[in-house]
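So the structure is just underneath, and the comments pick up after that.
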Amino acid sequence: MKDEAARRRPLVKWGVIAAGWTLFGLFFASQAIAVRAYDGRPLMLGGTVAAWLLCAYLWLALTPIVLRLARRFPLERRSWRRNLPAHLVAGVLLAFLQLAAYSWIASRFAQRPFFDTFRNIFIGDFHFDLLTYSAIVGLSHALDYYRKYRERELRASQLETKLAQAQLDALRMQLHPHFLFNTLNSISVLMAEDVRAAQSMLARLSDLLRASLEKTGAHEVALHDELEFLESYLEIEQTRFQDRLTVRMEIDPAALDARVPNLILQPLVENAIRHGIAPRARAGVVLIRAARENGVVRLAVADDGVGVGSARPEDLMKGIGLSNTRSRLEQLYGAAHRFEMRERDGGGLEVSIEIPFRDGLEAKRG
């Protein structure tokens, strides 16, 4: 398909050029007819249209030469003084050639001497043809500048996309070591208390890392895959906290196919456990919600723990997990997302995210 499109492109280009020259001939023919009508002279519709179309198609035949000269001698800032004389000479020669060809054809049809016809046409039309040559060169340069502008715009857009992709990769790679460090620290603490539980956590961590590596390079996954990964992580944390940690999930089935950032819920849950559940002795609850409504997906992680305490929400946002999450959302969705942290009325914190709803098919089309 691409090869066929590439073969058709020159035909389309020259079809447009031919149509342009046809409009050129008809425009000036209509002008000449209008002048004759105003002066009360015979209109000579057929002859006038034929004469101007002949003029236009002769220039159509010369257009490839003019375009090649325009590319060979560009009138750019650094080279216009050097190349302008070449265009002056070429313009004179091609105008002369076009008028000579037109005069020869016209003299054959009118059965007049060639030199008489050429002299009359040359005196009246030479400067017009010189301007026509200049117009072709100018239009060629304008189209070339526009093409280069579009190419620069496309390259800039591609570079911007690559930069955003690189930033997302860097943020995600920053998150993985942070998650791994915290989990290994939990296992280290558990080794002194329950070796079997620590070994179980290591096995689950191995499964978790394997699942994480399988999705390397994916910045978005289906919500059901994200929840499956999160459940593996929660198994590790529940092994550590045992009866002190209760996890509840309120998941809207309509949201399960939504595309969400890969590994977006784990740092929020980790933050809730670390700051809400771990600091106190009694049991606590972590609530995970997901819902689809009015074209958006709302995710929330809440705990009934100690809340902000003496710290400020802005300070908590500076932690690696939350700041990384916020940065990833900004990179992926720009202004089309919402990320908030608030204290709950009954105690504890809630972090909520709102992103546009997209399922797998929409993500492929996007």
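Please work out the FRET efficiency for the pair Tyr333 and Ala281, using the Cβ-Cβ distance as r and a Förster radius of 41 Å; give the result to the nearest 0.05.
With R0 = 41 Å, the Cβ-Cβ based efficiency is 0.55.
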Exercise for the section: Quick one: compute the contact order of region 1-86, relative version, from alpha carbon pairs under 8 angstrom and 6+ residues apart, as a percent. Expected result: 26
Exercise for the section: Provide the gained length on full extension for the span Ala18 to Ser188, in nm with one decimal, where the gain is 0.36 nm per separating residue minus the Cα-Cα distance. Expected result: 53.3 nm
Exercise for the section: Would you grab the residues whose amide H sits under 5 Å from the one on Gly284? Only those 5+ places off in sequence or on another chain, please, with H modelled 1.01 Å from N. Expected result: Leu245, Thr246
Fill in the blank from the handout: In region 1-152 the accessible area split gives carbon plus sulfur, as whole percent at 1.4 Å, a share of 67
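Determine the relative contact order of region 191-288: mean sequence separation of Cα pairs under 8 Å and six or more apart, normalised by residue count, in whole percent. Write out the running numbers ahead of the final one.
Values: 86 pairs, mean separation 32.6, N = 98.
Relative contact order for region 191-288 comes out at 33 percent.
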Problem - Ser206-Arg248 pseudo-label distance in nm [points 7 Å out on the Cα-to-Cβ vector] - result: 3.6
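Tell me whether region 1-135 comes out rounded, prolate or oblate; compute the Cα gyration tensor, take square roots of the eigenvalues as a ≥ b ≥ c, and use a/c under 1.5 as the rounded threshold.
Working: a/c = 2.11, a/b = 1.40, b/c = 1.51.
Oblate shape, in that a/c is at least 1.5 and b/c is the bigger or equal ratio.
Mean separation of Cα pairs under 8 Å and 6+ residues apart, divided by the residue count of region 1-157: what relative contact order is that in percent? Mind showing how you got there, number by number?
Details: 93 pairs, mean separation 30.1, N = 157.
Over region 1-157, the number comes to 19 percent.
With a probe of 1.4 Å, find how much accessible area region 1-150 has per residue, and write the answer as a whole number in Å². Write out the running numbers ahead of the final one.
Numbers: 10530 Å² over 150 residues.
For region 1-150, the per-residue accessible area is 70 Å².
The values are calculated or read from the model by the stated rules, or taken from the named source; none is laboratory data. Everything numeric here is computed off the predicted structure, so don't read it as measured data. We place every Cβ from the backbone using ideal geometry, glycine too, and count neighbours over all the protein chains shown. Heavy atoms of the whole protein, side chains included, go into the accessibility calculation; ligands, DNA and RNA do not. Shrake-Rupley method; radii C 1.70, N 1.55, O 1.52, S 1.80 Å.
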